[in-house]
Structure formats: structure tokens, C-alpha cells
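Notes follow once the structure below has been shown.
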Amino acid sequence: MTVNVNSSRRDARQDVEHPSGYKRSVLRFRGSPQTWGLESIGVEIVRYSAPLISDVQLLTMENYFAAEVTTTAFAASWTRARASARRRVLMIFPRSGVLNVESGPSNTLKIQDRVWLVLPGSTPVLMSSDNHFEGIFFAFDAREVLPSLAASIRPGKRELGSPILDMMRPMLESFVRYPRVDDVLTIHNMRSLLRSMARSLVLELLETGNHVSRDLAGEIRAIVRLRHQDPALTPHSIALGLSISRRTADRVMSDSGDVSLAQLIRSERAHTAKTLLQTQRQLSIEEVWVTSGFPSKETMRRALRDIFNRSPREIRTAPRVKR
């Protein structure tokens, strides 16, 4: 999607076309920013040199966005008025020009004298550049990588010589520049890669508050809720990500009175599949099982039969119950 925005036209935002939230946009802003509708995404232009010219290539998925931005001199405030914005980690990789970022000393970190890191919080973020600026923005919900510790992450001591940062910018550039993808499995693999990139950044640059008492059962449930649509999610991968054994993970779920970890993942995927079958009837059965996170059509069929006592076809053709 390409949208041109000038002084007499607002950005006509389109509905998400894929259940994962995948959307690729090219935005060209020209003229007066007061007419651009940026307040709808929590951004306010507070200063600029007329005429302000900005080009943005944007990739969005659920809980993630990556953007390549080229702009003339500007100053903008990210208000973070929404709860979802307050949960986001923001990484900014300048390519040319100088970007200044202000959001309080405990909330921002400049790495390698170039890369900006903004942690979750409610303090507005002021970004400004006095000249032409080009760079990559990458933001993600902290709960994706640290479900129950999102509020406790803080700047770490790793500020110099990070090879992960050197690798990350070209990877993100490839993501935002790549043409639109329609294949469901490819889209889910792209989201998995974004999550891996976010996790790598967290592990490389942040301390994760290990002194905080951990609610492992809560963390496990949050991971399953957020990531069950990822076909690579398994009890083993969850345990590995939390640095615990598979046996410990199962014991934690049992002690909390929950079902087993494998059953929890299966149940979440079954409920997502049922919702897609009822509300996204244009999706094929293959797209439904892939989008729901099942490894095959047959595993989805068995889960729906065991949990709802219905086949995919029966769920899809059943009349919707109005509430």
C-alpha cells in the first residue's frame, strides 16, 4: 500500500488484512503535518522546517513494527498515551544525520554513540533532528520476550562493541524493504524472526531484573497466550527460553492447578482456530491451521474434535450465536 499525504489529505488507514496483523505500507508525507492524522498513532510534530518532507516504509505485525524513515529537520513527541505504547521497547538505528532522543535518563540509553534504546514507560519521548535524517525504527511489546518482567527491565552495561547491533540494522532494512508477502506460513516465519531479533537485543543490551521474584506459571501462560500461533512454540522451547527444564515447567503448571503445558498450547491453538473458522471465512482450512500454530491439518482436526466435539467444517458452517 502506498499513501501520499499532503496539506489537503489525511492518511486513509486500511484494516489489517491478515490475522497476524501483517501489513506493509509506503507513506509519503508532504506539506503541513497538522493534516497528517499522526495523533491517531500517538505522535505529535512539535517543530519543523517548512516544507516538512518525510518518506516512511513501514512493516507492522501484531506487537511489532519496523520502519525505514527519511525526513527533513523535525521535532516529534511520541506521547505514549496508550497502554500498548507504554509497553513498547523502541530501538532507533540512525543511518545518516544526527537524532536526539529525550525521555529521562532512566528510560533511554545511547549505544555505540549511534543507536538509541527507549525502554517501556509512560514518559513521552521527544525525537528531533536539525538536518536531513535517515534511520531504522524497531519497536516491540516487551511482553513478547519478557512476559512478566516487562516492568523491571533496565539499561545494562553493554554499551560498546556489540556485534548484534551491527547485524541487526541490515536485517531490519531487509524486512521493511521486502515486497509484500501473501503466503501465510512465510508471514508467520517472518514474525518468528522479528521475535528472535527482539529477544537477541534484550539479551545483548538489557538486564532483566533477575532479583525479582518470578511468577513462572504466569510467565508460561503469558508466553502461550502471546505466541501460541507460532508453530515453533513447544513445551521444550518455552522451558529453554525461561532457562528451566521441561520437567520444571510441567511441575509449575501442575502446582498452579493448570493443565499440562502441551495441553495449554493445544487449547489456545484450538480456540484461535475456532475463532478464525467462525470470523474469517475467506481463509482456507490450510491457512487456518497454519495461522493457529498447528503443525498439520490433522492435529488441528483432532484438537477441535477433542475440545469442541466438532470438525472444522461443522464449526465453519454452524450459525453464529448472537450475544
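The values are calculated or read from the model by the stated rules, or taken from the named source; none is laboratory data. Model, not experiment: these values are computed from the prediction. Every residue, glycine as well, gets a Cβ built from its backbone with ideal geometry; the counts of neighbours run over all protein chains shown. These accessible areas exclude ligands, DNA and RNA; they are computed on the full protein's heavy atoms, side chains included. Shrake-Rupley method; radii C 1.70, N 1.55, O 1.52, S 1.80 Å.
Relative protection proxy for 307-317, 90-100, from highest mean packing down: 90-100, 307-317 (other beta-carbon atoms within 10 angstrom).
Computing the accessible area with a 1.4 Å probe over protein heavy atoms, can you report the carbon and sulfur percentage for region 218-323? Solvent-exposed carbon and sulfur of region 218-323 make up 49 percent of the total.
Here the extension length gained between residue 46 and residue 299 equals 85.8 nm, from 0.36 nm per residue of separation less the Cα-Cα distance.
Give me the one-decimal nm value for the distance between modelled label points at residue 182 and residue 110, 7 Å along each residue's Cα-to-Cβ direction. Spacing of the two 7 Å Cα→Cβ label points: 4.7 nm.
Separation of region 249-307 from region 78-92 is 30 Å, based on Cα centroids.
When each of the peptides 297-305, 44-52 is scored by the mean number of other C-beta atoms lying within 10 Å of its residues, the order from highest to lowest reads 297-305, 44-52. For the pair residue 234 and residue 171 in one chain, pulling the backbone fully straight at 0.36 nm per residue adds 20.1 nm over the alpha carbon distance. Rolling a 1.4 Å probe over the protein heavy atoms gives region 192-321 an accessible area of 52 Å² per residue.
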